[in-house]
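Visitor: Got a structure for you, questions after.
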Amino acid sequence: MSSLRTAEYNLLRREQCAKESQVERFYRRSARNTSDRLRRNRARSEQQMANRMNSRVETDVSEHDCAMMTEICNFCQALYWRNELNFSNKYTKCCHDGKVRLPNLTETPVLLKELLTNNSLEARNYQ
Ligand SMILES: [Zn+2]
């Protein structure tokens, strides 16, 4: 019985939709989209509020201090924190005890150097 009513309703609705003009259809769909958007936004903000309520903020966190980077690689003079020693008490994350050597940087191309150092309008736009 209920499915018959649903079928009747659908048939009636389909006839109404077939009769409506393009403008009427546009307004009907716009209103539907607006209400859908409002419903989605409301659901999203409710979810965000719930997330905020559920998240627990840790307030008793002690400050961590790494101290200064006082350790220096003997090969490349890279700086390290004291606790960055590896299992063999060495600092090897930079050059692996001098095994890795990078070539010196080449000279900056003239155009790029001018754009980086000049005070012209073109250079200022670039900077
Ligand atoms: Zn090194």
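A short reminder: the numbers here are calculations on the coordinates, not readings from a lab. Source: prediction; values computed, not measured. So basically every Cβ, Gly included, is an ideal-geometry build from the backbone, and we count neighbours across all protein chains shown.
Visitor: Starting from 0.36 nm per residue, how many nanometres of slack lie between residue 63 and residue 81 once their C-alpha separation is accounted for?
Guide: 4.8 nm
Visitor: Something else about it: Relative contact order of the chain: what whole-number percent is it, with Cα pairs under 8 angstrom and at least 6 residues apart?
Guide: 9 percent
Visitor: Go through 76, 98, 64 and say which Cα lies farthest out towards the positive end of the charge dipole of the chain; charges sit on Cβ, +1 for Lys and Arg, -1 for Asp and Glu.
Guide: Highest projection toward the positive end goes to 64.
Visitor: Have a look at 30, 51, 121 and report the one farthest towards the positive end of the charge dipole of the chain, computed about the Cα centre with Cβ charges (Lys/Arg +1, Asp/Glu -1).
Guide: 30
Visitor: Using 0.36 nm per residue of separation minus the Cα-Cα distance, give me the extension gain between residue 122 and residue 48 in nm, one decimal.
Guide: 22.0 nm
Visitor: About its Cα centre, how strong a charge dipole does the chain have in debye, to the nearest 20, once Lys and Arg get +1 and Asp and Glu get -1 at the Cβ? Walk me through the intermediate numbers first.
Guide: On the way: 22 positive and 16 negative charges, 233 e Å.
Taking the Cα centre of the chain as origin, the dipole is about 1120 debye.
Visitor: Tabulate in residue order the Karplus-calculated ³J(HN,Hα) for the range 58-67, using 6.51 cos²θ - 1.76 cosθ + 1.60 with θ = phi - 60°, rounded to whole Hz; enter x for Gly and Pro.
Guide: So the J values, rounded to whole Hz, are 7, 10, 9, 8, 7, 6, 9, 10, 7, 6.
Visitor: Tell me which aspartates and glutamates have Cα within less than 16 Å of residue 90's Cα, excluding those fewer than 8 residues away on the same chain?
Guide: Here the aspartates and glutamates satisfying the reach criterion relative to residue 90 are 71.
Visitor: In the range 1-81, what trypsin sites (Lys or Arg not before Pro) fall in a loop by DSSP, with at most 10 other Cβ atoms inside 10 Å?
Guide: Here the sparse-neighbourhood loop sites are 56.
Visitor: Mind giving me the FRET efficiency for residue 101 and residue 71? R0 is 25 Å, r the Cβ-Cβ distance, nearest 0.05 is fine.
Guide: It comes out at approximately 0.75.
Visitor: Set the Förster distance to 22 Å, then compute FRET efficiency between residue 5 and residue 31 from the Cβ-Cβ distance, nearest 0.05.
Guide: 0.30
Visitor: Looking only at GluC sites (Glu not before Pro) in DSSP loops with at most 11 other Cβ atoms within 10 Å, what is the longest site-free stretch of the chain?
Guide: Numbers: sites that count: 58, 63, 107.
Of all site-free stretches, the longest is 1-57.
Visitor: As an exercise, take the mean of 1/r over every pair of distinct alpha carbons in the chain, invert it, and state the Kirkwood radius in angstroms.
Guide: Hydrodynamic radius (Kirkwood, Cα pairs) of the chain is 24.4 Å.
Visitor: Then there is this: Per DSSP H run of at least 4 residues, take -39500 (n - 2.57); add these up for the chain, divide by its residues and hand me the 222 nm value, nearest 500 deg cm²/dmol.
Guide: Taking each H run of at least 4 residues, the total per residue is -17000 deg cm²/dmol.
Visitor: Follow-up question, since we're still on this one. Which residues' amide hydrogens lie under 5 Å from the amide hydrogen of residue 71, considering only partners 5 or more residues apart or on another chain, with H built in the peptide plane?
Guide: Amide H neighbours of residue 71, under 5 Å, 5+ apart: 80, 82.
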